[in-house]
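Notes follow once the structure below has been shown.
The values are calculated or read from the model by the stated rules, or taken from the named source; none is laboratory data. Note that the structure is a prediction, hence the values are computed from the model and not measured. Because the Cβ atoms are built from the backbone with ideal geometry, glycine has one as well, and the counts that use them run over all protein chains shown. Note: accessible area is taken over every heavy atom of the protein model, side chains too, but ligands, DNA and RNA are not part of it. Shrake-Rupley method; radii C 1.70, N 1.55, O 1.52, S 1.80 Å.
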Amino acid sequence: MEFLPAGPNVPFLFWIYNPTNELFEKSTEYGEITSPEFDYEKKQINSTWRNGCCEHGRDVYELTNGIPKLTERFVIGHNSEDKEYYEHWKVENGELKLIEKKVE
């Protein structure tokens, strides 16, 4: 853990082993992921986050050449009319796109 913030989005520091120079090197790409949970079977990293009082979600990362890349985002929140919404985002052609939205 890099530090414990007042909010729920906890940043972590990561060092990745480089077999060429036999040293651990700081990875800024992994450091962008808050509250990471590693799913070794699926080879994914899940990141839970909260954006204020009314929105939270989970980001899914997959490794590409050892670098974590965002592939999906799931969001649950409340809009100004206090209706709950659900969004599912997916990375397509390098861009995060909304593929499903429900409002209840």
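See the values below:
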item: Carbon/sulfur fraction of accessible area - the chain, other protein chains in place, 1.4 Å, %; result: 50 percent
item: Cα centre as origin, Lys/Arg/Asp/Glu Cβ charges: the chain dipole, Debye; result: 60 debye
item: Whole-number accessible area per residue in Å² for the chain, which is evaluated in the context of all protein chains at 1.4 Å; result: 73 Å²
item: Matching label, mean projected area of the Cα convex hull in nm² computed from the structure shown, candidates (i) 7.7; (ii) 8.3; (iii) 6.7; result: (ii)
